[in-house]
Amino acid sequence: MSSQTQTNSKAVFDDVTWESPLVEAVAAYQGNATEEAAGVILQELPFSTYLNIRGDAEDSKFLTAVKKACGVEVPTKPNTYNYDEKTGHVISWLSPDEWLLIAPRESVAKLEAALRKGFGGLHAAVTDNSHGYTAITINGKNARELLAKGTPVDVSVEHFTTGDCAQSLLAKTNVLMWAETDSQLGVVVRRSFADYLWQWLIHSAQDFGVHVR
């Protein structure tokens, strides 16, 4: 998309108003604590680009094509992600031959075209899933305790460190979780389950004090 203005869970892309999966849920409840006092701070990150990438991690041409198109290295270590601060692009490991690229929404067409061009002649593929997902950040001193209530993954700071990601269940919902810092985490969830997961997070964070940013 060539133009974008964004406020909270609504945005305008090329004169078309979009609403995020959680636009109503975010507006309906702002939490039971101030941001300063809350043990958990929740925020939706709407309107991102989600590109599924398939390829051979042992093929140097594939790795070079992704790096050239996205500006970020393909992570080959299981359950890790790489982030480029300049572009805001993130590539997360999903399986030995599959990754998820998350990027600003306005770059979707450019990124997809660059990847397809780079993959010419390679056994590789890219699929745009941008309409199917949203992301929620979970910050605060009790963020990991909150996640631990609903996932079998050990999300303690000793085992789920900065740069780690994991596909698993959270409140019986399939998600991709990531760790940004000790107190900053997040999840990618299918839009059809986003409201359910949001309500679970809100309910389960009540004892910690929750604030919606």
- Return yes when V189 is surrounded by 14 or more Cβ atoms within 10 Å (Cβ to Cβ) and in a strand (DSSP E or B) and no when it is not. yes
- Message: Among (1) in a helix (DSSP H, G or I); (2) modelled with pLDDT of 95 or more, there is one condition V90 misses while meeting the rest; what is its number?
- Response: (1)
- Task: Quick one: in the range 98-121, of everything that is part of a strand (DSSP E or B) and at pLDDT below 95, which residue is farthest from V187 (Cα to Cα)?
- Result: P104
- Go through the range 137-160 and count every residue that is without any contact (Cβ under 8 Å) to a residue 60 or more places away in the chain, among the β-branched types (V, I, T) and in contact with a strand residue (DSSP E or B) (Cβ under 6 Å, 6 or more places away or on another chain). 2
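The values are calculated or read from the model by the stated rules, or taken from the named source; none is laboratory data. What you are looking at is a predicted structure, and each value in this text was computed from that prediction instead of being measured. Cβ coordinates were reconstructed from backbone atoms using ideal geometry, including for glycine residues, and neighbour counts include every protein chain displayed.
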